[in-house]
Structure formats: C-alpha cells, structure tokens
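The values are calculated or read from the model by the stated rules, or taken from the named source; none is laboratory data. Please read all numbers here as calculations on a predicted model, not as lab measurements. Ideal geometry is used to build each Cβ from the backbone, glycine not excepted, and the neighbour counts take in all protein chains shown. SASA here: full protein model, heavy atoms, side chains in, ligands and nucleic acids out. Shrake-Rupley method; radii C 1.70, N 1.55, O 1.52, S 1.80 Å.
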Amino acid sequence: MRTRLLARAEARVEARRDPMDEDAFRGFYERTSRPLWAYLARCTGERHLADDLLQETYYRLLRTSGNYADEAHRRNALFRIATNLMADARRHDRRVRLTPLGADEGGTTVDRTPAERTDLARAMAKLRPAQRKMVWLAYVQGASHAEIAATLGLKAASIRLLLFRARKQLAGFLRSDA
Amino acid sequence: MSADACPREPEVLEILRSGAWPAACDEELRAHSSTCSSCRDLVEVATALLEDREASNHEAALPGSGVVWWKMQMRLRQEAVQSARRTLLLVQACALSIAGGLALLMLHLFVPGWTSLIVSALPASARGVAPALLGLLACIVLAGAPLAAYLASRKS
C-alpha cells in the first residue's frame, strides 16, 4: 500500500508538470524573471527577500497547474502570485522597507546616478504598498487597469483614480526630494 | 482629487516605454507634455521607474532557469511524497484505532468482569459513573488518536 501511495504521489507530480514542460518553463523564466525580480525588489525594498519571493512565486505558479490561454495570462498570474506573496510577507512581519537598490554598489550602467535612484527609493517609500505596486505595474509593466485590478484584488473602476493619485503623489515626492 | 487625466497619456506612455523619449518623440508632443501637468507627472514618474527597472535588471543575480526548474521539481516531488506519507499515517492510525476498539469489544464479550477490576480500584463516590466515563474515554482516545496524529504530521 505504501508503494502504491507513493507511486500515486509521483504520478501527481508528473500530471502537474503537464501544463508547462521544462522547455516552456525555461523560456518563460528567461523572459519574466528579471522584470519580476525588479518588481519584487522595488516594492519590498529588500533584494534578499526579492530573491526568496522570486523562487517562491515560480514554485506557486507551477503548483497551481493552471491552463492559461496565453503567455500574457500566465504573466499576469505570475505577478498576482508575487503580489500576494509580498502581502503575506508583510503580514508575517517580515522586514519590508525600501532601501535604495543599487545605491550602495558601483557598476550600474544606467543614466541615473545613485543619488537619483536614492531619491526614487525614498519617494517610493512614502507611497503605500498598494500604490507602489500600482505605479510599477502600470508604468513599468504596461499593465492595463483591468490587469492591475486583478493583480491587486481591487475593483477595475477604481484603478484610474487610485493610479492618478499615486502618480501625482510620487511626482510630488520626486520633485521635493530633488 | 479628481482623475482629470490627459487623453494623450497613453501616447506619451507608449513612447516612454519604447525608449524613444525624448529623442525620437515629435516636437509637438514634447511641447504638450511640458505644458500639461498630467503628462508632466507621467513623464517624470515613468522615466524614473523605467530607468530604475533598467538598473535593477543589471543588479539582479538570478539563478539559471535549469537550476530553478530542477529545484521546483524536487520540491514538488518532496511535497507530494509528504502528502502521501500523511495519508498513510492517517490510514495506519485509523487501522490501529479500529484494532484497539475491536480488542476492547472482544474483552467486553469474552471477559465479562474486566471493568469491575478497574471500577473497584476507584473511590466509592466515583464508582457509579465509572463505566460510562471509561467508555467515553475509550471513544475519545480511539477517535481522537488518528486525527491528532494526522494534524501533528501536518504541522511538522
């Protein structure tokens, strides 16, 4: 009986593997892991936490064994899982604070100076967690209002106003920090 | 605060996200964004965020997809095996409970005076309710033990 049960468990793992095989996963991971890490790192402010949450996010996605219509749906699901994990991490009283990512390290190859990036981190830190996620999803990920609503668990109709407010606040913080 | 967003925002955002801002953007749109407060906010915020994303992309030291896939499969396998073990434990605990119950039943049927041995050891005041209490205790132990074992394995 023990052998039969364990064999059934193995079969369940195989069945879960069906929606996304190794090649599909690897391709999807290559395309999405960096944007996802940036989202997690900026919204939590902790790169180590972002590393942990990144792996956990992909694990949860694989475990759900959902059949998504296309890559966009799968990507939305990925960001939704990441958003929920960030909320869980906050709830479990893990340290979620914003630090200027990259400001303490050399070697970044972008136009913004570390000081300017610190300003952004400081400005983002003044926003509420949901606002941070919202502006990132809208302006970096290019998510639609409906997608943002689904990811954050809010009403689609309220996103327009909430996003407008968040953006206005962030612009104000950026100007005042500058 | 009302969301009096500018109708040209999607156009501005598309150019920003394509990386064409400001060099490859037409003069008229640039002039508009410098006068429209909504578009000005959008340009400021989106530029900062997009540049931050670029920097984050360079900073991220991510494990390879093959390593992640392998880890995920190991974890899924481990989880499935643990779940099967829990089920097995529950089945075994139930079997033990049923065996215990049957043993008690046999004892009751074939050794009629066995309860009086226990009851006589109790104080006189408790002797009246002792058989009922013993029966209740046996039921709780027999029914609760498998459940407790299962819950304990879930927690561990």
**Complete:** Rounded to the nearest 100 Å², the accessible area hidden between A and B, summed over both chains at a 1.4 Å probe radius, is 5400 Å²
**Asked** At what distance in angstrom do the alpha carbon centres of region A:16-82 and region B:112-130 lie from each other?
**Response** 65 Å
**Prompt:** How much solvent-accessible surface does B:Arg8 expose, in Å² to the nearest 10, with a 1.4 Å probe and all protein chains in place?
**Reply:** 50 Å²
**Request:** Starting from the residue with the highest accessible area, list B:Val119, B:Val129 in decreasing order, probe 1.4 Å.
**Result:** B:Val129, B:Val119
**Complete:** Accessible-area order for B:Glu9, B:Glu44, largest to smallest, probe 1.4 angstrom, reads B:Glu44, B:Glu9
**Request:** Please give the helix B:65-110 orientation as an angle from the longest Cα principal axis of chain B, in degrees from 0 to 90, rounded to the nearest 10.
**Result:** 20 degrees
**Asked** In peptide A:160-173, what is the residue-averaged number of other protein chain Cβ atoms found within 10 Å of each Cβ?
**Response** 4
**Prompt:** How much net charge surrounds A:Tyr39 when only other residues with a Cβ under 9 Å from its Cβ are counted (Lys, Arg +1; Asp, Glu -1)?
**Reply:** +3
**Message:** How tilted is helix B:37-59 with respect to the longest principal axis of chain B? Cα atoms for both, answer in degrees (0 to 90, nearest 10).
**Reply:** 60 degrees
**Asked** Which pairs in the list A:Lys126/A:Lys155; A:Lys133/A:Lys155; A:Lys126/B:Lys71 are over 25 Å apart, alpha-carbon to alpha-carbon?
**Response** A:Lys126/B:Lys71
**Prompt:** Relative to the longest principal axis of chain B, what angle (0 to 90°, nearest 10) does the C-alpha long axis of helix B:130-155 take?
**Reply:** 30 degrees
